[in-house]
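Here is the structure we will look at.
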Amino acid sequence: MNHTSARRFGVIACALALGMPAWAALAPLDLGSRAALFEIPHGTWARRMAGDPVEILPERIRLTLGLQDLLELRNLDEVPQMFGPTLMMPGQSFRLPFAKAGIYDFACTAHASGQMRIIVDPYPATPWARLAWRARNGLDRLTGRATRGIPQGVNE
Amino acid sequence: MLRMPLLACCLLFALAPCAASGSTLIAGVFDPPRAAPELGLEGTHGRTLDLAEYRGKVVILGFGFTSCSDVCPVTLAVLAQARKQLGPLADQVQVVYVTVDPATDTAERMREYLALFDPGFVGGTGSEEALKAVRKEYGIVANRQAKDGSDYTYAHSSYVFLIDPQGMVRALMPYGHSADDFAHDARVLLGEG
């Protein structure tokens, strides 16, 4: 690599190093849907009866006010199912909106801990908050620590 | 000539979002709603506790126990406050509290306990089997846990159900909501929201 190429590479690297955080801090946030959707697919009960431990709802769900602040559960199976905090009939859906940031714990028999935790973060209003939100969101996705549901209308 | 209809249209469009938000429940909503499973328990009002008795009213149904030191007293205090806020509509809202601890919670004990919050509250108790069957129908979790010495507590579902005047389970309000929220949703279910 000659001197000119090295300088060009350095300029690009600097632009990326400055540009990425600037984008993360200033670009508007949009998750597409306010709902974090979780579905019990058709046939889940039969799979469980056959010994397949089907895991649908994570132990921890992270939501953000103003971006994704609605938990939506759907039971597409043929039998009633305990789904997170509540019992749901076949074909029934449950939509739980959150209006305040905080930590919400629900008794849940589907998890070994007996609890399901929903963390509702405040809306990241400032550039610094948006940067931190994007960083935490990316980290959560990488480590699988929190789940934000599947896009609306998409079955597992 | 055209000013009045134009003004009316503008007013209609301006008020539409208010009307929409006013008629939306704050609680989590079931779609479609299902008929509330019957209780058939021993009521603190001296007769069998059946939800059919309260058709035409909004029923707020919770589960807990009289020795509960944190969740139940808060929930019951909030519900009592909500009924006060409802004023004349309070008579159309019935709070029903079902025990998860039949070993301790006799009908008499529950009556005295609930009256501390609101004498209009009705409690339900019964055999362990009967209460377990009711909890299963509603998907309520209640696990007895040992505390220090011979003391014990129950880890139980802390949310309450909102049942409309037709006897359908319409919504579920998680723990932590204010009296304002309950009063709002009661008004919506009564068609006054």
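The values are calculated or read from the model by the stated rules, or taken from the named source; none is laboratory data. It should be emphasised that the depicted structure is a prediction, and the values quoted were computed from it without experimental measurement. For neighbour counting, all protein chains shown are included, and Cβ atoms are generated from backbone atoms with ideal geometry for every residue, glycine included.
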What are the pairs, 6+ residues apart or on separate chains, where a residue within segment A:3-21 that is farther than 23 Å from A:Gly138 by Cα has its Cβ under 9 Å from a residue that is loosely packed, with under 10 Cβ neighbours inside 10 Å? A:Phe9/A:Met1
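Condition check ((1) outside any loop (DSSP other than H, G, I, E, B); (2) aromatic (Phe, Trp, Tyr)) across all residues:
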site: A:Phe38; (1), (2): yes, yes
site: A:Ala46; (1), (2): yes, no
site: A:Glu55; (1), (2): no, no
site: A:Leu73; (1), (2): yes, no
site: A:Asp77; (1), (2): no, no
site: A:Pro90; (1), (2): no, no
site: A:Lys100; (1), (2): no, no
Those residues of segment A:84-105 which are crowded, with 18+ Cβ neighbours inside 10 Å, more than 7 Å from every other protein chain (Cβ to nearest Cβ) and more than 16 Å from the chain's Cα centre (by Cα) amount to A:Met88
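Kindly indicate whether any position in segment B:86-98 is within 14 Å of chain A (Cβ to nearest Cβ) and either in a loop (DSSP other than H, G, I, E, B) or within 14 Å of B:Gly62 (Cα to Cα) (or both).
Taking segment B:86-98 as the starting set, the residues that turn out to be within 14 Å of chain A (Cβ to nearest Cβ) are none.
No: segment B:86-98 contains no residue that is within 14 Å of chain A (Cβ to nearest Cβ) and either in a loop (DSSP other than H, G, I, E, B) or within 14 Å of B:Gly62 (Cα to Cα) (or both).
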Residues located in segment B:58-98, provided they are under 15 Å from B:Leu162 (Cβ atoms) and of a type outside the set (A, V, I, L, M, F, W, C): B:Gly62, B:Thr75, B:Arg83, B:Gln92, B:Gln94, B:Tyr97
Go through segment B:99-193 and tell me which strands (runs of 3 or more DSSP E), entirely inside it, have 1 or more residues that are among the aromatic types (Phe, Trp, Tyr). B:152-156, B:160-163
By residue number, the members of segment B:136-167 that are surrounded by fewer than 16 Cβ atoms within 10 Å (Cβ to Cβ), at the interface with another protein chain (Cβ under 9 Å from one of its Cβ atoms) and among the small types (Gly, Ala, Ser) are B:Ala155
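Against the condition of a type outside the set (Lys, Arg), modelled with pLDDT of 85 or more, part of a strand (DSSP E or B) and exposed (fewer than 14 other Cβ atoms within 10 Å of the Cβ), how does A:Ile119 come out, does it pass? Walk me through it before giving the result.
On the way: of a type outside the set (Lys, Arg): yes; modelled with pLDDT of 85 or more: yes; part of a strand (DSSP E or B): yes; exposed (fewer than 14 other Cβ atoms within 10 Å of the Cβ): no.
Judged against the criteria, A:Ile119 is not a match.
Could we say that A:Thr64 is of a type in the set (S, T, N, Q), closer than 27 Å to B:Leu172 by Cα and in contact with an Asp or Glu (Cβ under 9 Å, 6 or more places away or on another chain) here? First the steps, then the outcome.
Values: of a type in the set (S, T, N, Q): yes; closer than 27 Å to B:Leu172 by Cα: yes; in contact with an Asp or Glu (Cβ under 9 Å, 6 or more places away or on another chain): yes.
It is true that A:Thr64 is of a type in the set (S, T, N, Q), closer than 27 Å to B:Leu172 by Cα and in contact with an Asp or Glu (Cβ under 9 Å, 6 or more places away or on another chain).
With over 22 Å from B:Glu53 (Cβ atoms), surrounded by fewer than 17 Cβ atoms within 10 Å (Cβ to Cβ) and of a type outside the set (Val, Ile, Thr) as the only criterion, which of B:Ala103, B:Ala133 stands out?
Sole residue among the options that is over 22 Å from B:Glu53 (Cβ atoms), surrounded by fewer than 17 Cβ atoms within 10 Å (Cβ to Cβ) and of a type outside the set (Val, Ile, Thr): B:Ala103.
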Odd one out for A:Trp45, checked against (1) surrounded by 12 or more Cβ atoms within 10 Å (Cβ to Cβ); (2) over 25 Å from B:Ala36 (Cβ atoms): (2)
Residues being within 14 Å of chain A (Cβ to nearest Cβ), among the polar types (S, T, N, Q) and part of a strand (DSSP E or B): count how many of those fall in segment B:22-59. 0
I need the full set of residues from segment B:122-135 which are touching a residue at least 60 places away in the same chain (Cβ under 8 Å) and more than 14 Å from chain A (Cβ to nearest Cβ), in order please. B:Val122, B:Gly123, B:Gly124, B:Thr125, B:Gly126, B:Ala130, B:Leu131
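Restricting attention to segment B:122-145, report how many residues are in contact with a Phe, Trp or Tyr (Cβ under 6 Å, 6 or more places away or on another chain) and modelled with pLDDT of 95 or more. Lay out the reasoning, then the answer.
Start the filter on segment B:122-145 by keeping residues that are in contact with a Phe, Trp or Tyr (Cβ under 6 Å, 6 or more places away or on another chain), which leaves B:123, B:140, B:142, B:144.
Of the ones still in play, those that are also modelled with pLDDT of 95 or more are B:123.
Going through segment B:122-145 one residue at a time, the tally reaches 1.
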